[in-house]
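Read the structure below first, then the notes.
Throughout, read-outs are computed from the coordinates displayed, never taken from laboratory work. Remember, it's a predicted structure, so these values are computed and weren't measured experimentally. Positions of Cβ are backbone-derived with ideal geometry, glycine not excepted, and every protein chain shown enters the neighbour counts.
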Amino acid sequence: MADAPRSTPGPEITTGEHRRTAWSNWSGAVRGIADRLLAPDIADRLLAPDIADQLRDIVLDDTARARGISVVGSGHSYADLVAPTGRTLVDLRHHRGVVAVDPAAMTVRVKAGTTMRELNRELAAAGFALPNQSAIDEQTVAGVVATATHGSSPRHGTLSSHVVAARILTADGRVRTITQDAPELDGVRVHLGCLGVVLDLTFTVVPGHRLRKVVHRRPLPEVLADLDAFREVHFGGFWWYPHTSQAIVWEAAPTDEPPTPPPGPPGALLGLLCNNSWPPRVTGAAHYAAAVAAGRSGARVLRCDDALLHHLPPPVQGTEYSVPFDRAADAIRALVREVRRGGLRVSAPVDVRFTAADTGWLSPSRQTPTCHIGVTHPVSARDPERWVAPLRAVDSVLWEFDGRPHWAKVHFRTGRELAGRYPEWDRFQELRRAWDPDGVFLGGHLRELFER
Ligand SMILES: Cc1cc2nc3c(=O)[nH]c(=O)nc-3n(C[C@H](O)[C@H](O)[C@H](O)COP(=O)(O)OP(=O)(O)OC[C@H]3O[C@@H](n4cnc5c(N)ncnc54)[C@H](O)[C@@H]3O)c2cc1C
């Protein structure tokens with residue numbers, strides 16, 4: 001596989017300072033002209049012995065503070081967390097790589113701008129792996145942790161739950177090291193980019209291993225009736241193919257079997273059948289054909305991180321709700337009814353995944369075994385707002401099941417509504433205001449949530 005591509009800020013800009021630079025996220029739905037974009041050349045160690053010194057100058061600069069500062073990862077959030085317009089953007093693409101693996105403590109310390117793909121490769125070469133993965137590996141480690149990105153395993157919380165230490169440069173120019181004995185660690189776990197510049201993170205690791213992944217097709221009503229089976233798997237989840245009653249179920253478990261060849265990318269036809277904005281009846285037929293094809297893919301044995309990855313979809317907008325496991329079957333049934341009743345053009349398979357309860361103050365899985373229900377909609381250049389109505393309808397349905405929206409995806413909730421779903425909301429606010437009293441790291445979207 002090629003190196004993880006960065007969607008921002010454009011291939012020609014790699015280091016230095018760039019004035020009035022256009023920035024957009026992966027899907028192109030979030031875009032703006034930043035006041036300036038800084039991509040510090042951290043490799044120049046003679047001039048800058050520590051990245052923190054370079055970043056401190058930026059964080060303490062009066063103009064940057066007045067206009068606001070956002071750190072950008074790989075730009076893979078659908079939500080406007082970066083809020084580029086008029087702000088100083090800091091791109092840490094050169095601050096990457098593993099600092100140290102500690103085999104006794106079973107941890108890895110990694111620089112914030114490292115992509116998940118780079119981390120997985122370095123760990124595999126050293127005989128280790130992260131305990132879990134998300135569906136793609138293009139994101140940076142700091143970006144993943146910012147938004148409580150997750151995979152699908154009832155034995156693991158979100159990827160933020162695997163963080164055991166963090167180093168963060170806060171708005172006063174101090175570098176804070178937060179370790180497991182610090183109460184703030186559960187606040188930093190899901191930092192949303194608004195606590196400061198994360199410099200590096202330490203994650204728990206497990207010995208490298210292979211997973212045997214099995215995929216099969218089942219009727220959705222059967223899958224929902226038997227949902228408790230997902231409490232027992234190592235890794236597993238399913239996709240519901242909207243406008244059909246078909247589900248593709250996948251499960252993965254550790255194995256000593258020899259590896260099989262990796263699957264190729266899905267063909268263009270399958271991609272089209274799964275991602276379109278055709279009328280529901282046409283989509284139903286397309287999805288049925290796609291589910292039959294997907295259900296034939298059988299079993300594979302792959303390196304653990306590769307086994308849990310899925311193919312990157314074409315640019316889409318997405319919403320995702322995390323509902324308590326106990327309410328998941330009813331939530332999905334309600335979603336199915338709404339899609340049918342409203343004729344919603346939910347065109348891509350709905351991704352259903354699971355995580356264990358975890359402890360991050362703003363983790364959607366906080367203290368609750370969770371089912372995550374993800375719905376995407378294609379982005380259309382001709383009709384850029386087309387996704388709004390279907391995703392708003394999905395948001396309305398899943399909110400009623402004690403849902404907490406994914407921080408990185410679109411939702412239609414106010415801060416006050418979200419505060420009611422997060423018992424530690426005020427504690428996070430206290431920490432944020434203590435570390436960043438002027439709201440230097442608070443972009444427009446987050447300001448709406450935290451300051452209105
Ligand atoms: C195709 C696709 C697949 C996805 N799959 C999954 C999935 O399987 N599971 C899941 O839960 N989510 C998934 N996501 C969501 C994705 O994991 C999150 O959006 C993640 O936050 C993206 O990381 P990033 O590096 O692109 O960060 P960005 O989107 O660039 O930034 C995210 C946040 O992190 C902050 N940030 C980044 N770096 C730093 C730093 N060094 N210091 C301080 N703040 C920082 C930014 O300011 C921003 O607030 C997916 C998204 C896409 C587009």
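If we count every other residue with Cβ under 14 angstrom of Trp425's Cβ, Lys/Arg +1 and Asp/Glu -1, where does the sum land?
+3
Just to confirm the number: angle between the C-alpha axis of helix 425-435 and the first principal axis of the chain, 0 to 90 degrees, nearest 10?
Helix 425-435 and the main axis of the chain meet at about 30 degrees.
All other residues with a Cβ under 13 Å from the Cβ of Pro378 taken together, and with Lys, Arg as +1 and Asp, Glu as -1, what is their net charge?
+1
Expressed as a rounded percentage, what relative contact order does the stretch 106-160 have, with Cα pairs under 8 Å and six or more residues apart?
33 percent
Quick one: divide the alpha-carbon radius of gyration of the chain by 2.2 N^0.38 Å and tell me what you get.
That works out to 0.95 for the chain.
Sort 311-319, 404-412 by packing, meaning the average of other beta carbons within 10 Å per residue, with the highest value first.
Going by the mean number of other Cβ atoms within 10 Å, highest first, we get 404-412, 311-319.
What percent does the relative contact order of the stretch 210-411 come to when contacts are Cα pairs within less than 8 Å and at least six residues apart?
Here the relative contact order equals 25 percent.
Taking only Cα atoms, what is the 0 to 90° angle, nearest 10, from helix 116-125's long axis to the longest principal axis of the chain?
90 degrees
Please state the relative contact order of the chain as a whole percent: Cα pairs under 8 Å, 6+ residues apart?
17 percent
Per residue of the chain, what 222 nm ellipticity follows from adding -39500 (n - 2.57) for every DSSP H run with n ≥ 4, rounded to the nearest 500?
So the calculated ellipticity at 222 nm is -7500 deg cm²/dmol.
Just to confirm a number: summing +1 for Lys and Arg and -1 for Asp and Glu over residues other than Tyr241 whose beta-carbon lies under 12 angstrom from that of Tyr241, what do you get?
Around Tyr241, the surrounding residues sum to +1.
Using alpha carbons only, how many angstrom separate the centre of the stretch 301-324 from the centre of the stretch 175-236?
About 12 Å separates the Cα centre of the stretch 301-324 from the one of the stretch 175-236.
Taking the chain as the reference, fit the longest principal axis to its C-alpha atoms, fit the long axis of helix 325-342 to the helix C-alpha atoms, and give the angle between the two in degrees, 0 to 90, nearest 10.
70 degrees
What ranking, highest mean first, results for peptides 175-187, 254-266, 349-361 when packing means the other Cβ atoms within 10 Å averaged over each residue?
Put in order of decreasing packing, that is 349-361, 175-187, 254-266.
Debye sum, Cα scatterers, the stretch 210-411, no solvent: what log₁₀ I/I(0) at q = 0.11 1/Å?
-0.51
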